[in-house]
1. Could you tell me how many degrees, from 0 to 90 and to the nearest 10, lie between the Cα long axis of helix 53-62 and the main elongation axis, the longest principal axis, of the Cα atoms of the chain?
2. I want to check the label-to-label distance for residue 25 and residue 44. Put each point 7 Å from Cα in the C-beta direction and report it in nm to one decimal.
3. Helix 64-73 versus the longest principal axis of the chain: what angle, 0 to 90°, nearest 10, using Cα atoms?
4. Over the Cα atoms of segment 13-73, each weighted equally, I'd like the Debye log10 I(q)/I(0) at q = 0.14, 0.18, 0.23, 0.26 Å⁻¹, rounded to two decimals.
Amino acid sequence: MARVCRVTGKGPMVGNNVSHANNKTKRRFLPNLQSRRFWVESENRWVRLRVSTQALRLIDKNGIESVLADMRARGERV
């Protein structure tokens, strides 16, 4: 399973660990993904999504119906 948010598309980023001596080594910054299920009233069912915490805020703000409509418009299967 990819470490990518289903709603926002956020994925891992690349950066550096920086030591006290200023030595740099590559590292990955992973998105804060949560597996959640959302009740969709219009479809009378639960939808399970792996979303970032930013996406959770987006769902709280706009509603799951609106977010699912945007995902379907992008061509994602939900």
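1. Here the helix axis deviates by roughly 30 degrees.
2. Rounded to a tenth, the inter-label distance reads 5.7 nm.
3. With rounding to tens, the tilt is 80 degrees.
4. -0.54, -0.70, -0.95, -1.11
Each reported figure results from applying straightforward, stated rules to the coordinates on display, with no laboratory input. These numbers come from a predicted model, not from an experiment. Cβ: placed from backbone, ideal geometry, glycine included. Neighbour counts: every protein chain shown.
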